[in-house]
Amino acid sequence: MTSLPTTSPPVAPSSQPGSIVMADEQPEAGPSNHSAGRSRQSSVFSVVSSRKGKEKAESSEEEGEADESESEDDDDGDSEVGSDLSEPPLKPSANEYGEAGNQQQQQSDGEGETDEEEATEDEDEEPSLKYSRLKGRIPEILAKDSASTIAVSPRVIALGTHNGMVHVLSYEGAKVNSFRPHAASVTCLKMDEENDFVATSSVEGRVVIHSLTSTESYAFDYKRPMRAIALEPGFAKKNTRAFVCGGMAGNLIMQEKGWLGYKEQILHSGEGPIWAIEWRGNLIAWANDLGVKIYDTSTGQRIGYIDRGANAPRAELFKCTLQWKDDKTLIIGWADYIKVIRVRSRARSQTTTGLPPLTVEMTAIYQVDCMISGIAQYQSSYVVLAYIPPDTYENEATDNPAEQRRKAANRPELRLIDRGEEVNADALSLANFHMYGCNDYSLVRSQRPGEDVFLVVSPSDVIVVRPRDKADHIEWLVDRERYEEALTAAEDLQKKHGNALDVKAIGLKYMQHLTGQGHYDQAAALAPKVLGQDATAWEKWIDIFVQQNQLAAIIPLIPTSKPQLGRQVYEMVFGHLLLNDKNALLRTITSWPMEVYDVNTVVGAVQGELDASKDDPILLECLGELHLNNRQPAKALPYFLRLRKPHVFDLIREHNLFTAVQDQALLLVQFDQERHVQIEEVQGDQAKHGAAIQLLVDHTHSIPIDRVVNQLEAKPKYLYMYLDALFDKDPQFCLPYSDRMVELYAAFDVDQLMPFLRASNFYDLEQALMLIIERLSDVQRAIDFAKEQADEDLWEDLLQYSETRPDFIRALLEHVGAEINPIRLIRRIRDGLEIPGLKAALIKILQASNLQVSLLEGCQHILNGDCSAFASELQAAQTGSLRGSAKSTCAVCSLPAFPTTISQNTPPLILIYLCRHLVHATCALPDADIELPQRQENASVTYLLSTSDKSGIGMGVGGQGWKVRNLGAKLGYAAAVRVRVGRCPVCEHGGGGKRG
């Protein structure tokens, strides 16, 4: 099984360049399995104090108040300040812890099954933190010495040892500097913000401040073991070089540099050893045997006191941890309590009484079921290094050496507490943990900006603790075989951060898991996403599916491009499908491109199987598709025709295979007509007689008509359909088959027979008539046919045919009309021939004859009356007259018909219609482009010209000739004008007025 890489690429902010190097995980570096197996409910609670603080007024605390007031009286009236806040313990102290632990252990022993179930649930819960050992020079250092304390700055860390050495290291564990300021154990170590000075205290009683960048160094010997030291904020930038320290002497000492050297000032004393000191801004917090106090350097006053509690264990047993969350918030971790202290300003009215301007209040208090070796802030939660004291024997005064021997210590735990609830707990497998106590461990937070990294220090180990990122979450899912979730998370991470994780490796593990469980379909579905374009991986996994007889599961997902696999793979798939799943074989042939396999090899294999299976339709279609893929549609067409595939007509059109189907016209038409269910309408299905007929008709140049007719003669109906469609396209194509078409129409489409007979003139009329009479026995249709043809011979044939058929004679008599003289038909009736209904037919003929005579007489009378009326109207119009005067106007333009002033030599031409409308000739013209004919000469001029003959001959006959010529010219001119102007424009347009 391919495994994931041992380390994951950095993706979280804590894994940016320059961060702490995550060393290879070792079993003892991370959380122990004991943490998962232990089931516990943390007894953590919170008590929020009032804004005004609490006075020590409880009757049960009177004695404690008296002792406190005595000690505070010695410190410049600190009694009022010290009484601002005092919290009695709310849970059993450490003395009772062992008994409570024994009871809890007994209870857990009685609930073994429950513990196992809860342990299983804990194993399924993902941890919040991850662990690794700090490498570099650390193993070498701790192999020769043991760590006692640690301090951090933004750039380096400093590690103090029990041999008095101080090692300055990078966050990756590389050595920066080493020096030995003490001859005994280093008890406290602090660094300034500028990474310049390292301050140390030791059990030998010395305090040393050493510069890492210069020769500047300070050493102070207090003759008593020193436990704590703190540098003033901005130590390297200030000339005062102030610091505070304290130890077993019980004095809190401030050293401040002046002109003449350091000046020592005791800020507090007399309450037992100083165990811890923290300096933030103007506030100094320190812990002694009684509790924690806060000092304001700006006013030189103590502003608050936090009591340890009445039942607290001895101060030296469990060390105190102080940490400033910000300039006004102090976190105290001591024994089994976590307290959150807030510094606030007093009301102005209270400061006038001499009280300090600042005071403190407790905002929260938590009690845990362990001893606190260290505490640090993590977002809104607290990271607690928990030490669980080992159980004690009930009989402490025993003489039994085994019982007198000290019990091995438990593993330290790192717990995450959020709003009073424990959300995560990991037991740390540190080297030699069974030998160490609560005070041997330390917890500090990295000072690098933007990092949530913590360092856990034991005498033999330095552990790097950081929150688990998305890559760790994915790795945790993979370890628990939750591959689907891991793969989804890895893909999301890859979208955001690129190739942050080896998604493929996770997918491969998931596929191996699925195949191991027998879920081959799911494994195959993952293949495209996991294997991607890795052809080698594809071939490997296909081989795995073949070995497991599950090749069918992955076949639909095998890629044919990007990547393209070897041809033997695809041909192996074809061989498998040919033997096991022919339907899948067909689907694969239609979906895979022919470039990925040898078509001839596959065709040969399919053909051999087809020969053995006796025309298997699926194999026939496979061969057709293979030939089609191989660009051989002509070879594929016979297979599709045998299978009667609906797309065969499209195939013929698309690849121009018309010559290939010249001799298969009948097969095409039969196939088309036999289709009952059409999945999709292919081209031509909307034709009158189907796709096959339409195809034959549309491509007569490639499929000769006579060849189609010869093939369809065996099926007269199909022949009728073909010739009918052909006639609709071009009647000229059907001329040689007109007589045959008459028979086919009479047999299969009587309604179209008469339209065909009307549209075509290239058939035998007598044969057509006999067909109508004999086959259809439709007298009315025969009469209509004879009427339309208007052929006397047809009528004669029709009459001859009816001589021996009484029913036909009676039908002719009933439908006789103007085309047949009834006398002619009656004379042909043979004597003695019995004709049913003859009397009624004759009566109908006589009645029709009388009606016809009456109609003729009525029409003649109407015609005579109309002629007389029109003659009278014509006479009145011709003999009537119209009076014209100077006031007469044109009926069209309404202008004077005879203008008094004539702008031209020729007066306007006036037309007077018989309807008595007087109009200008120009207004009567129907079109403006039409011009009137040229006017004739003046009659007076003509006369003068005719009498100008000096001989006087013209005075005779010539004198009368000019009148004849003048009249003829007028008549000719009037005719020419009449042709141009047409009818009366007033009457034609229904009234007067100017035409538009």
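Under the condition of being under 17 Å from Asn630 (Cβ atoms) and of a type in the set (A, V, I, L, M), which residue from segment 643-662 is farthest from the chain's Cα centre (by Cα)?
So, considering only residues that are under 17 Å from Asn630 (Cβ atoms) and of a type in the set (A, V, I, L, M), the one farthest from the chain's Cα centre (by Cα) is Ala660.
Going residue by residue through segment 863-877, is there one that turns out to be among the hydrophobic types (A, V, I, L, M, F, W, C), within 17 Å of Arg983 (Cβ to Cβ) and touching a helix residue (DSSP H, G or I) at 6+ places or on another chain (Cβ under 6 Å)?
No, because not a single residue in segment 863-877 is among the hydrophobic types (A, V, I, L, M, F, W, C), within 17 Å of Arg983 (Cβ to Cβ) and touching a helix residue (DSSP H, G or I) at 6+ places or on another chain (Cβ under 6 Å).
Any idea which of (1) more than 26 Å from Ala553 (Cα to Cα); (2) out of contact with any Pro (no Cβ under 9 Å at 6 or more places or on another chain); (3) surrounded by 14 or more Cβ atoms within 10 Å (Cβ to Cβ) is the one Lys614 doesn't satisfy?
(3)
What are the pairs with Cβ atoms under 9 angstrom where one residue, in segment 349-366, is closer than 11 Å to Gln301 by Cβ and of a type in the set (A, V, I, L, M, F, W, C) and the other, located anywhere, is open to solvent by less than 10 Å² (accessible area, probe 1.4 Å) and at pLDDT below 90? Sequence gap at least six, or different chains.
Final answer for the pair search is Leu355/Val81.
Are any residues in segment 593-604 among the hydrophobic types (A, V, I, L, M, F, W, C) and surrounded by fewer than 17 Cβ atoms within 10 Å (Cβ to Cβ), and if so, which ones?
Met594, Val599
Within the group Leu330, Leu252, which residue is crowded, with 23+ Cβ neighbours inside 10 Å and over 60 Å from the mean Cα position of the chain (by Cα)?
Selected residue: Leu252, the only one of Leu330, Leu252 that is crowded, with 23+ Cβ neighbours inside 10 Å and over 60 Å from the mean Cα position of the chain (by Cα).
Taking the criterion of being aliphatic (A, V, I, L, M), out of contact with any strand residue (DSSP E or B) (no Cβ under 7 Å at 6 or more places or on another chain) and under 20 Å from Thr321 (Cα atoms), would at least one residue in segment 249-257 satisfy it?
Yes - at least one qualifying residue is present in segment 249-257.
Name every residue in segment 497-520 that is free of Cβ contacts under 8 Å to residues at least 60 places away in the same chain and either loosely packed, with under 13 Cβ neighbours inside 10 Å or over 20 Å from Ile544 (Cα atoms) (or both), in order of residue number.
Gly498, Val503, Gly516, Gln517, Gly518, listed by residue number.
Within segment 475-496, how many residues are open to solvent by 30 Å² or more (accessible area, probe 1.4 Å) and not polar (S, T, N, Q)?
11
Which residues, taken from segment 175-221, are among the hydrophobic types (A, V, I, L, M, F, W, C), open to solvent by 50 Å² or more (accessible area, probe 1.4 Å) and outside any strand (DSSP E or B)?
Ala183, Val203, listed by residue number.
In this structure, is Trp476 among the hydrophobic types (A, V, I, L, M, F, W, C) and within 20 Å of Met572 (Cα to Cα)?
Considered against the rule, which asks whether it is among the hydrophobic types (A, V, I, L, M, F, W, C) and within 20 Å of Met572 (Cα to Cα), Trp476 comes out as no.
I'd like the residue in segment 351-373 that is out of contact with any Ser or Thr (no Cβ under 8 Å at 6 or more places or on another chain) and open to solvent by 10 Å² or more (accessible area, probe 1.4 Å) and, out of all such residues, is nearest to Ala230 (Cα to Cα).
Only one residue fits best here, namely Leu355.
For the list (1) at pLDDT 85 or above; (2) not in a helix (DSSP H, G or I), I need the number of the one condition that Leu501 fails.
Here Leu501 meets the rest and fails (1).
Residue-wise test of (1) in a helix (DSSP H, G or I); (2) in contact with a strand residue (DSSP E or B) (Cβ under 7 Å, 6 or more places away or on another chain); (3) at pLDDT 80 or above.
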position	(1), (2), (3)
Thr900	no, no, no
Gln904	no, no, no
Pro907	no, no, no
Ile930	no, no, yes
Val964	yes, no, no
Leu967	yes, no, no
Arg983	no, no, yes
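Within segment 866-898, which residues are open to solvent by 70 Å² or more (accessible area, probe 1.4 Å), part of a helix (DSSP H, G or I) and of a type in the set (A, V, I, L, M)?
Within segment 866-898, just Leu874 meets the criteria.
Could you count how many residues in segment 147-161 are part of a loop (DSSP other than H, G, I, E, B) and buried (at least 18 other Cβ atoms within 10 Å of the Cβ)?
So the count comes out to 1.
Which residue pairs have Cβ atoms under 6 Å apart, sit 6 or more places apart or on different chains, and have a first residue in segment 543-571 that is under 17 Å from Ser591 (Cα atoms) and outside any helix (DSSP H, G or I) and a second that is of a type in the set (D, E, K, R) and open to solvent by 20 Å² or more (accessible area, probe 1.4 Å)?
So the pair list comes out as Leu565/Glu539.
With the condition kept exactly as written, say whether any residue in segment 849-865 is in contact with a Cys (Cβ under 9 Å, 6 or more places away or on another chain) and open to solvent by 100 Å² or more (accessible area, probe 1.4 Å).
no
Is there a residue in segment 410-418 that is in contact with a His (Cβ under 7 Å, 6 or more places away or on another chain) and modelled with pLDDT of 90 or more?
yes
Could you please let me know if Glu316 is over 60 Å from the mean Cα position of the chain (by Cα), surrounded by 18 or more Cβ atoms within 10 Å (Cβ to Cβ) and assigned to a loop (DSSP other than H, G, I, E, B)?
Against the criterion (over 60 Å from the mean Cα position of the chain (by Cα), surrounded by 18 or more Cβ atoms within 10 Å (Cβ to Cβ) and assigned to a loop (DSSP other than H, G, I, E, B)), Glu316 does not qualify.
Which number in (1) within 25 Å of Thr590 (Cβ to Cβ); (2) within 25 Å of the chain's Cα centre (by Cα) marks the one condition that Ala523 misses?
The single condition Ala523 does not satisfy is (1).
The values are calculated or read from the model by the stated rules, or taken from the named source; none is laboratory data. Because the structure is predicted, anything quoted here is derived from the model rather than measured. We place every Cβ from the backbone using ideal geometry, glycine too, and count neighbours over all the protein chains shown. Accessible surface areas use protein heavy atoms only, side chains included; no ligands, DNA or RNA. Shrake-Rupley method; radii C 1.70, N 1.55, O 1.52, S 1.80 Å.
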